[in-house]
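Here is the structure we will look at.
The values are calculated or read from the model by the stated rules, or taken from the named source; none is laboratory data. No experiment lies behind these values; they were computed from the predicted model shown. Please note: Cβ atoms are built from the backbone with ideal geometry, for glycine as well, and neighbour counts cover all protein chains shown. We work out accessible area using only protein heavy atoms, side chains counted, and drop any ligands, DNA or RNA first. Shrake-Rupley method; radii C 1.70, N 1.55, O 1.52, S 1.80 Å.
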Amino acid sequence: MASTATAFSLSATSSAFRLSLAHFPKQNHNSSFVSLPKPTLSHSLSSRKSIFTQNLSSKPSFSLIPKFSESEAPVIEPETAPDPESTEIDIGVEVETASTQIVEVEKEVPKREEVFAIVMIGSRQYILFPGRFIYTQRLKGANVNDKIILNKVLLVGTKNSTYIGKPVVTNAAVHAVVEEQGLNPKVIVFKYKKKKNYRRKIGHRQPNTRIRITGITGYLDYPATTLES
Amino acid sequence: MNKDKIFKLAKGFRGRAKDCIRIARERVEKALQYSYRDRRTKKRDMRSLWIERINAGTRLQGVNYGNFMHGLMKENIQLNRKVLSELSMHESYSFKALVDVSRNAFPGNKKVALPPKKEGVSIVV
């Protein structure tokens, strides 16, 4: 199984379609950050696009609808003061112009920090990127457009360093906004015993909450493992 | 369930199981039983898939899965296998950092300290 797994990690995807709207422009992306390109097939439950790949191919995995998507929500930078008004205006202008243009040339995309965090919510762990949303278990007591701070950050990774929490990265926080409190798609629970005339059919929709990640802060003081390059 | 619902659930079935109600009803009931059972086995399957992937990722660094997880448990790192498999696929440098942490915590791989070399017999001529 080792060979297939390495085949996963080594196969490069062709950037099938260009990313829409507020993504990093490929041509201007001067990072020398090298990560393994995203494999084409992914059975993972948290199907996501890695934003660190050079190709920036955003092909979602086949099995699941991508739960993470880019958005134009204002993003909190860790050290600079957040300036939501100016970034929103920029994004609004880009939305109008990008939709009319086929080729995106030198768009002014607000520079999102390339950082990810692994967070535990509702006893499940998620890999979070700023600007994307995830579905979690229903957070009781959270209303729409509430700001949320997630404290249980297990690992933070930036472009050149990794902050590994034992078990938690102290003082790290992930800021998020509650977008929607909805329900999962329906599953039919069907119980059947043969030859005993026992059939029960129940429909079930699990409540969930969609939260959008705005920023990851507070990890810089923690001892880090840095890539020397 | 009435017939329309059965046929709606029977889309894509083979042969008469999608057209004829008597056969479709049986097949749909079986399909729903399988889905009930497999929602439970999916959790098992995914976990074994993650373990396979982590194993592959760590063996590239010269550590096998058992020693890697032992080292993580010793260091009180509570990342679960799903996330570790994602890191091993997409964030190789972070994963390498984790492997190094685990190797320091539990050096159980004295024999396999380096990535295993190919066992070709090279005769120096």
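Here are the numbers for this structure:
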| item | result |
| --- | --- |
| Scan of the range A:197-229 for residues that are of a type in the set (A, V, I, L, M, F, W, C), more than 14 Å from chain B (Cβ to nearest Cβ) and not in a strand (DSSP E or B), ordered by number | A:L220 |
| Matching residues, the range B:1-16, being out of contact with any helix residue (DSSP H, G or I) (no Cβ under 9 Å at 6 or more places or on another chain) and open to solvent by less than 100 Å² (accessible area, probe 1.4 Å) | B:N2 |
| Failed item in (1) within 11 Å of chain B (Cβ to nearest Cβ); (2) farther than 24 Å from A:L220 by Cα; (3) within 18 Å of the chain's Cα centre (by Cα), with A:L154 passing the rest | (2) |
| Tally, over the range B:17-61, of residues that are touching a helix residue (DSSP H, G or I) at 6+ places or on another chain (Cβ under 6 Å) and not in a helix (DSSP H, G or I) | 1 |
| Filtered residues of the range A:175-190 (kept if within 14 Å of B:S35 (Cα to Cα) and open to solvent by less than 80 Å² (accessible area, probe 1.4 Å)) | A:V187, A:I188, A:V189, A:F190 |
| The one condition in (1) modelled with pLDDT under 90; (2) surrounded by fewer than 17 Cβ atoms within 10 Å (Cβ to Cβ); (3) within 13 Å of chain A (Cβ to nearest Cβ) that B:M73 fails to fulfil | (1) |
| Residue selected from the range B:76-95 under the condition open to solvent by 10 Å² or more (accessible area, probe 1.4 Å) and out of contact with any strand residue (DSSP E or B) (no Cβ under 9 Å at 6 or more places or on another chain), by the criterion farthest from A:E114 (Cα to Cα) | B:N76 |
| Residue identified as in contact with an Asp or Glu (Cβ under 8 Å, 6 or more places away or on another chain) and open to solvent by 40 Å² or more (accessible area, probe 1.4 Å) among A:K147, A:K159, A:K152, A:K140 | A:K159 |
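Matching residues to (1) within 9 Å of chain A (Cβ to nearest Cβ); (2) among the small types (G, A, S):
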{"position": "B:R40", "(1), (2)": "no, no"}
{"position": "B:S48", "(1), (2)": "no, yes"}
{"position": "B:R59", "(1), (2)": "yes, no"}
{"position": "B:N64", "(1), (2)": "no, no"}
